[in-house]
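Okay, structure first, notes after.
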Amino acid sequence: MFFDYPYKKSSKLFNPWRWLVLLTFAITCYMGYKEIKSYITPAEALVVLGGHEEREKFAAELAKQHPHLPIWVSSGSPQHYVQKIFTTRGIKSDRLYLDYQAKDTVTNFTTLVDELQARGIDSVYLITSDNHMTRARIIGEIVFGSRGILLKPISVPSESPPEPIEKSIRDGARAILWLTTGHTLSLK
């Protein structure tokens, strides 16, 4: 009887509901911490997921408001056209880095992450269309987050419907695959 009391009390520690609540609390705290850190950490660059002229024009206008930030455009419109968009808005070409290695949203991030990290960039404005932002954030949190780079998402308004959640799940899995193996399973 003497030994029954501590045993019964300690068995409550292994209640799965308590662990689920504790895990949920921990994840919520971590996500809140990341949001607060992202909010107070100033951006050190603009990253534009290219492919839509509206994104590049929006980024050029934002770059005017942040004249000290370098701008990376990943696989956007043709190079001469992107340069024209930025130069007509007064953005000097020495701030503009055009990267055409990416074939899709996952590789937008995987082809830039090493360059950004090498330059000591810890926080970026992520610019993409509002209907594309959920998937971009999932991938970016995995790929850029693995190197300590915070995302500060800025959505460009679009008239397109939101992407299906399946694309976000698929590309999130591809980002995790890249994180663990260095490969993304190209879709094209």
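So the values come out like this:
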item	result
Y97 touching a Phe, Trp or Tyr at 6+ places or on another chain (Cβ under 7 Å) and aromatic (F, W, Y)	yes
Out of L185, L177, sole residue that is of a type outside the set (D, E), in contact with a His (Cβ under 7 Å, 6 or more places away or on another chain) and surrounded by fewer than 20 Cβ atoms within 10 Å (Cβ to Cβ)	L177
Flag for S75 being modelled with pLDDT under 80, touching a Leu at 6+ places or on another chain (Cβ under 9 Å) and among the hydroxyl-bearing types (S, T, Y)	no
When residues of region 105-156 are limited to those that are among the hydrophobic types (A, V, I, L, M, F, W, C) and closer than 17 Å to H52 by Cα, the one surrounded by the most Cβ atoms within 10 Å (Cβ to Cβ)	F109
Candidates L62, L96, L69, filtered to the one that is modelled with pLDDT of 95 or more, within 24 Å of S123 (Cβ to Cβ) and in contact with an Asp or Glu (Cβ under 8 Å, 6 or more places away or on another chain)	L69
All strands (runs of 3 or more DSSP E) inside region 7-114 with 1 or more residues being touching a strand residue (DSSP E or B) at 6+ places or on another chain (Cβ under 9 Å) and of a type in the set (V, I, T)	45-49, 71-74
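The values are calculated or read from the model by the stated rules, or taken from the named source; none is laboratory data. What you see is a predicted model, and the numbers here were worked out from it, not measured in a lab. So basically every Cβ, Gly included, is an ideal-geometry build from the backbone, and we count neighbours across all protein chains shown.
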